[in-house]
Amino acid sequence: MPINTTALPATYKAIPNPDGRGPVLQVTYAHNLDAESLAMRLYYAYAKAPENDETLPDEISVETLMGHLGEQGASCAEGWHEYESEPTQQAWDEVWPWAQDQVRRLFPDLAWNVDDRRTVLPWETEA
């Protein structure tokens, strides 16, 4: 059975700007993510690690994963996107299996590949 992809309405409240320049809106929204989508978000959070000679952690916590999702959501909401360079084949080979393993460990009952989508990476051509 497919997940419900109907977007929930965002909620908001005015909060003080951390820089002291008056109020800003704190917007809270919800996403429905299957395990593959969650793993892809985690992949992008760590995709630069191999290029930077950083070691992937053996395990991450749910809190760490949610922190990455929060950062990605906030930067996207503000219009910031990282397009400096696409991850490399090495990143895909190292980080993607790791990201899948982390999601399977943290959320073992989460559905995978709910809607027969296929991610086409920049170095691949779709047949």
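Identify, please: which residue in the range 1-50 is of a type in the set (Lys, Arg) and assigned to a loop (DSSP other than H, G, I, E, B) and is, among those, most open to solvent (accessible area, probe 1.4 Å)?
Within the range 1-50, the first condition is being of a type in the set (Lys, Arg), and the residues that meet it are 13, 21, 41, 48.
With the extra rule that they be assigned to a loop (DSSP other than H, G, I, E, B), the set shrinks to 21, 48.
Numbers: 21: 179, 48: 49 Å².
Looking at residues that are of a type in the set (Lys, Arg) and assigned to a loop (DSSP other than H, G, I, E, B), I get 21.
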Cβ-Cβ under 6 Å pairs, at least 6 apart or on other chains, the range 61-77 side loosely packed, with under 13 Cβ neighbours inside 10 Å, far side modelled with pLDDT of 90 or more: 62/106
Residue satisfying condition, being among the aliphatic types (A, V, I, L, M) and modelled with pLDDT of 95 or more, within set 56, 121: 56
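The values are calculated or read from the model by the stated rules, or taken from the named source; none is laboratory data. Worth saying up front: this structure is predicted, and the values here are computed from it rather than measured. Virtual Cβ from ideal backbone geometry, glycine too; neighbours counted across all protein chains shown. Accessible surface is based on the protein model in full, side chains and every heavy atom, while ligands, DNA and RNA are left aside. Shrake-Rupley method; radii C 1.70, N 1.55, O 1.52, S 1.80 Å.
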